[in-house]
Every structure is written in structure tokens, then in C-alpha cells.
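One structure is given here, and the rest of the page talks about it.
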Amino acid sequence: MADASDKLTELVAPAVEAMGYELVGVEYLRNGRSGGGLLRIYIDDPDGITLDDCSRVSHQVSGILDVEDPIQENYSLEVSSPGLDRPLFGRRDFQRFAGSRVTLKLRTKVSGQRHFKGELQGIEEDDVLLAVDNGIIRLPLDQIDKARLVPEF
């Protein structure tokens, strides 16, 4: 569904950014048997995100989605801040958060596993570099299904 999320990102990004927010990312999650799904939009601001911010963006984006109708099934729209366990979307985030602890889930196995946890070293060519217990591993960017920061307290 990455292609659909990319198209949805292109559709809503101009409106979100025109409102003064950073569009962190867009996820579309299908809800299997019951039909429909969840369109989740993450926004951020240096001063933080409030419920009113989410409400304003939701209202603006709803209008765009109603006109463009990019999702043919029933869905719910959710607008939220990325939170402490911020999801990472794409090359920009993997560079921006180098030095942070992350968890990664891959679409296919690499070195016999799909789940990784370590310190993000950045991105080189089309690979994410991750420091784990036994050194640095290279994970193909296009194989990353989900990635999140690990909050440190």
C-alpha cells in the first residue's frame, strides 16, 4: 500500500504545509474483513501539536479528500502528532534521525530476520545503516515496512 500512501501524501501535503505544519507522513491501513480502513496523517510543529491543530488539519484535509475521492472504500480519517515513538517515513527521516535508537520491521527477511532494533546510522545509497550488537548492517530502504524511534527516558 506504499504507492497509495505516496499518492495520498502528494494530495494532502500542500494543504498541510500551507497551514504551517510539517507533514510527517501518511499511512493507509486496510481493515481486512469488515471493509474500509484507516487513513492516518501525522503532523508536527516545533511548538508541538494540540487537539485544535489536529482538528483544523482534519477539517481541511477532509474537504480535499471529499473532492478528490482517492479512496474508493469507507475509511476513517485520523490526524495526530507523531508522538515520542515517531514513525519514520522515507529517506529524509532516516537521515534526520541518525544517532537515534529505532525499531525496524522489514517486508522480507534479511540475515534470517524481519525485526531489528539498533542505533540509526543514516542512509547510504538505497540502504539504511543500523548499528546492532554485532556491528553495522545494511537494510534496503525499499524493504522497510515500518520504522519507529525508540523513546529514551
Restrict the check to segment 113-126 and report whether at least one residue is closer than 20 Å to Glu27 by Cβ, basic (Lys, Arg), surrounded by 11 or more Cβ atoms within 10 Å (Cβ to Cβ) and modelled with pLDDT of 95 or more. yes
Is at least one residue of segment 87-101 surrounded by 14 or more Cβ atoms within 10 Å (Cβ to Cβ), of a type in the set (S, T, N, Q), part of a strand (DSSP E or B) and at pLDDT 95 or above? no
Condition test on Gln60, is it surrounded by 13 or more Cβ atoms within 10 Å (Cβ to Cβ) and not aliphatic (A, V, I, L, M)? yes
Residue satisfying all of: in segment 60-86; assigned to a loop (DSSP other than H, G, I, E, B) and small (Gly, Ala, Ser); nearest to Val12 (Cα to Cα) among these: Ser81
Would segment 21-41 turn up any residue that is farther than 27 Å from Asp127 by Cα, among the aromatic types (Phe, Trp, Tyr) and modelled with pLDDT of 95 or more? yes
Go through segment 102-136 and give me each residue that's assigned to a loop (DSSP other than H, G, I, E, B) and in contact with a helix residue (DSSP H, G or I) (Cβ under 7 Å, 6 or more places away or on another chain). Asp126
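The values are calculated or read from the model by the stated rules, or taken from the named source; none is laboratory data. From a predicted model like this one, the values you see are computed outputs, not experimental measurements. No Cβ is skipped: glycine too gets one built from the backbone with ideal geometry, and neighbour counts run over all protein chains shown.
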